[in-house]
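No value in this document is a laboratory result; all are computed from the given coordinates. Keep in mind that this is a model prediction, so the values were computed, not measured. Note that each Cβ is placed from the backbone with ideal geometry, even for glycine, and that neighbours are counted across all protein chains shown.
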Amino acid sequence: MDRHHKFESALKVNEGIEQPEQVNTDAVNRLKASRKEILSPQQYVEGILKGDIVMLSKAITLIESALPEHQQIAQGVIAACLPKSGKAIRVGITGVPGAGKSTFIEALGMFLIEKGSKVAVLAIDPSSQRSKGSILGDKTRMERLSIQSGAYIRPSAASGTLGGVARKTHETIILCEAAGFDTIIVETVGVGQSETAVHSMVDFFLLLLISGAGDELQGIKRGIMEMADGIAVNKADGDNIMKANRAKAECENALHLFPLSESGMSPKVTTCSSTENISIDTVWQMITDYIAVTKENGYFDKKRVQQAVQIMYNTINEQLSAHFYHDKKIQHTIPALEAAIRSNNMTSYMAAATLLEKYFEALKINPSL
């Protein structure tokens, strides 16, 4: 066989084409540039007042930032938006695990949008104290609501003190109201003291339960029941209707044991089903009735003023705490004092007094004055 003769085969390999880059570097660079771009307070305010959601989100990101330069701009934006805020109904929603808070909020949000409202959902999502991570899954759990033009969903990691969480969320509410949202829903994603933070910034606090509430009530702190302005027993559909009605009666009996709220209104209890869209309008009617009565008797405005004052104190406490723990001398002294406490060589009170004395000394402050 001629050595120059080509061997014919049914198998052949086509020459490959040059593969494109896995990452669009131009898009990444544009994204980085947009993230670094910090506008003037006036630019943010103009966008927010026009209802620009992108500008609203950027401004909220500045609020959540711990950088001093971001905070300075954020405070300017908030101050300019404050006169344009305050007209929305602020509703806080909490509930026992498995009560279906996200499904209920989506059903309520869709109901309100169909009525022509604009709804903002803010989720207070407690960060893990161990990993400092958080679960920001609300946009994926509210698929229908998240694509509505009249809805805005903002999950936020609530790292830091509850006072700080309340302040940042309250400031976010101000911006959302200035952007034209007439209903603000604040959801507690976790359990614990976050209910107190939410209660401190809303007009109506709704507790969501499920059938079998007789058992559930034992696991609910009395304080949460006392904070509730209304209770909705969710998942009242199909075979659960009778159980839900029984749970409603048990809640009503439990509420009779509590003193009358400062609002002058006893919390009402109703049943609903967010999956079947049953009685969502009844829940909203309960909320609007409460708002109407409290506006008439003056409690609505009184409560908002009290909340604003409390935010001031929370902010003072947060700033003092941050300044104390960011002090280099304090940071270097704490480990030794912790070790002294663990080895029983110093009491906790002595250690605290030592740290405070060192702190005041650095500030040249006499704490006795």
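Grab the eigenvalues of the alpha-carbon gyration tensor for the stretch 33-83, scale each by 5, take roots, and send me the semi-axes largest first in whole angstrom. Provide the component values of the computation, followed by the final result.
Numbers: eigenvalues 49, 35, 15 Å².
In descending order, the three semi-axes are 16, 13, 9 Å.
Set the bar at 29 Å for Cα to Cα. Now go through Lys303/Lys328; Lys168/Lys248; Lys168/Lys243; Lys118/Lys295; Lys84/Lys295 and name every pair that lies beyond it. Mind showing how you got there, number by number?
Numbers: Lys303/Lys328 40 Å; Lys168/Lys248 35 Å; Lys168/Lys243 39 Å; Lys118/Lys295 21 Å; Lys84/Lys295 19 Å.
The answer is Lys303/Lys328; Lys168/Lys248; Lys168/Lys243.
I'd like the Kirkwood hydrodynamic radius of the stretch 312-368, using the inverse of the mean 1/r over distinct C-alpha pairs, in Å. It would help to have the intermediate numbers written out before the result.
Values: mean 1/r = 0.0815 Å⁻¹.
Kirkwood hydrodynamic radius for the stretch 312-368: 12.3 Å.
Amide H of Val186: which non-local residues (sequence gap of 5 or more, or other chain) have their own amide H closer than 5 Å, using H built in the peptide plane?
Val91, Gly92, Ile93, Leu122
Could I get the Rg over Rh figure for the stretch 227-357? Both from C-alpha atoms, Rh via Kirkwood, rounded to two places.
Details: Rg = 24.7 Å, Rh = 19.6 Å.
When Rh is taken as the Kirkwood radius, the ratio is 1.26.
Could you order the peptides 267-280, 338-351 from most to least packed, using the average number of other C-beta atoms within 10 Å per residue?
Values: 267-280: 19.9, 338-351: 11.8.
Descending mean neighbour count gives 267-280, 338-351.
So, by mean Cβ neighbours within 10 angstrom, what's the order for 46-57, 228-239, 82-93 with the highest one leading? If you can, show how the numbers build up before the last one.
Details: 46-57: 16.5, 228-239: 22.7, 82-93: 18.3.
Answer by packing, highest mean first, reads 228-239, 82-93, 46-57.
What is the local net charge at Ala80, summed over the other residues whose Cβ is closer than 14 Å to its Cβ (Lys, Arg +1; Asp, Glu -1)?
On the way: positive: Lys50, Lys84; negative: Glu46, Glu171, Glu177.
That works out to -1.
Work out from phi, with θ = phi - 60° and the Karplus expression 6.51 cos²θ - 1.76 cosθ + 1.60, the ³J(HN,Hα) of each residue of the stretch 105-122, listed in order in whole Hz, and give x for Gly and Pro.
4, 5, 5, 5, x, 5, 4, 5, 5, 5, 8, x, 7, 10, 10, 10, 10, 10
List Tyr359, Tyr325 from most exposed to least, where exposure is judged by having the fewest other Cβ atoms within 10 Å. Intermediate values should be presented prior to the final figure.
Values: Tyr359 18, Tyr325 12.
Ranked by crowding around the Cβ, least crowded first: Tyr325, Tyr359.
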